[in-house]
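Notes follow once the structure below has been shown.
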Amino acid sequence: MNLALPMVIVGAGHVGGRAAQALREFGWMGEILLVGGERHLPYERPPLSKALLTGERDPASCALRPREAYAAERITHIVERVVAIDAPAREIALSGGRRIGYHALLLATGGHLRRLAIPGGDLHGVLGLRTLDDAAALAPRLVPGAKILVIGGGFIGLEVAASARKRGCEVSLIEAADRLMGRAVPASISERVRSLHQDRGARLRLRTTPMEIAPLGDGRLAIAFSDGSELAASTVVVGVGIDPATELAQSASLAVNRGIAVNAELATSQPDIFAAGDVAEFPSVLSGQPICQESWHNAETQARTAARNMLGGHEAHTALPWLWSDQYDHVLQIGGEPALGSTIVTRAWGGSEIRFHLDGKGELVGVSGFGAMASMAREFKLARMLVDRRLRPRADQLSDTSVPLKSLLRAA
């Protein structure tokens, strides 16, 4: 294998950090360059909207690996933007003018926060949450009595709302749709999440959108809504999702749809260029249809697949989706692709529930669950294993809590 050119990873986030680590693990002895615009070494994002905001963790604890690990494995972190890819020449261009050749290239550029396209959407005090620096800007504002408006009833918005309530803030959350979390979870779980937040003191409003934000003389912000009402808040947190950061790939004439189009091996339309994580649009293991996945699990698993294939392998990415969301002392988890199911079987116990999603052939294609963290962890892990094995258990066994899920795995 030619070691003269380095392995180059564009995007020094979770995927980039894990891919660099995996390249060394899988035997690459040449140079590894990890290039990104953030000054921080790779870190995990899940704590940003939870423990980092509540003060239960500090920024250093979010690091993917200790700084010493990168030096020990000769992984070079370059804090600079990549402005162009020259695929025929196998080079990238940095914002400072330097050009770097590559043996193989991984695009792990993540996504950009969606902003509010309304008057006042860029005012001081209107914040998003995507990076460590974003969390550092938001956390000091979450003080007892602070009036916080969260725009967006998806996972990030709900997690921020829960964290703000735990800090003693007065929290209002608005969502444009008629239920929380869109169609990511069954309506019954959406309603239970809504009840949890209301029981903990958050004010939730559905079918409502912001129309304008204006500064008040006392430093607060006045927000006007689509229903004609108004609200004053000290901070507005916008949690309406991300758009995959595909501009670099587009400029290099790579195939791009919603994300950078890749095959099951995470290879793009150009030789020796791969994409993984939030920015990649890849074929679903279950349906073959192109999907994007924004999750910790996807970052972990695709980073390793990409590293294998950068080294000349032909490994397909076979991990099924999995994501979770901690809110107060409860957890919401989703495994597989529940949207592919045509039948739902519910298993409920002690205030917690797991919903199994089966396709027309009776095969498990997804699972979604919500409940207290202590009661959900083991049961949901077993439920995911059932989906991972594509089993076809009887509906009455899935719903009957006297039938251990572990016994269904053993019987397969």
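What is the set of long-range amide H partners of residue 281 at a cut-off below 5 Å, with H atoms built 1.01 Å from backbone N? Under 5 Å from the amide H of residue 281: 259, 260, 261, 262.
Fully extending the segment from residue 363 to residue 403, taken as 0.36 nm per residue of separation minus the present Cα-Cα distance, adds 12.5 nm. In the full protein context, the chain carries 42 Å² of accessible surface per residue, based on a 1.4 Å probe and ignoring ligands, DNA and RNA. Helix content alone sets the calculated 222 nm mean residue ellipticity of the chain: runs of n ≥ 4 DSSP H residues at -39500 (n - 2.57) each, divided across all residues, give -7000 deg cm²/dmol. List residues of the range 237-253, by number, whose backbone nitrogen lies under 17 Å from a label position 7 Å along Cα→C-beta of residue 122. It comes to 238, nothing else. For the range 1-77, trypsin sites (Lys or Arg not before Pro) meeting the loop criterion (DSSP other than H, G, I, E, B) and having at most 12 other Cβ atoms within 10 Å: 39, 74. Treating cross-link reach as a plain straight distance, find the lysines whose alpha-carbon is under 17 Å from the alpha-carbon of residue 147, omitting any fewer than eight places away in the same chain. Here the lysines satisfying the reach criterion relative to residue 147 are 166. When a 1.4 Å probe is rolled over the protein heavy atoms, the share of accessible surface on the chain that falls to carbon and sulfur comes to 51 percent. Bridgeable lysines around residue 381 (alpha carbons under 26 Å apart, same-chain partners fewer than 8 residues away excluded): 50, 361, 406.
Our note on the geometry: Cα centres of the range 251-276 and the range 81-109, 15 Å apart. Of the trypsin sites (Lys or Arg not before Pro) found in the range 308-378, the ones in coil according to DSSP and having at most 12 other Cβ atoms within 10 Å of their Cβ are 361. In this simple spin-label model, placing a label point 7 Å from the Cα along the Cα-to-Cβ direction at both residue 329 and residue 76 gives a separation of 5.2 nm. Taking other residues whose beta carbon is less than 13 angstrom from the beta carbon of residue 375, and scoring Lys, Arg as +1 and Asp, Glu as -1, yields 0. Applying 1/(1 + (r/R0)^6) with r as the Cβ-Cβ distance of residue 378 and residue 257 and R0 = 51 angstrom yields a FRET efficiency of 0.85. Candidates 28, 411, 333 compared by Cα position along the dipole of the chain: farthest toward the positive end lies 411, with charges placed on Cβ.
The values are calculated or read from the model by the stated rules, or taken from the named source; none is laboratory data. No experiment lies behind these values; they were computed from the predicted model shown. Cβ coordinates were reconstructed from backbone atoms using ideal geometry, including for glycine residues, and neighbour counts include every protein chain displayed. Calculation scope for accessible area: heavy atoms of the full protein, side chains included, ligands and nucleic acids excluded. Shrake-Rupley method; radii C 1.70, N 1.55, O 1.52, S 1.80 Å.
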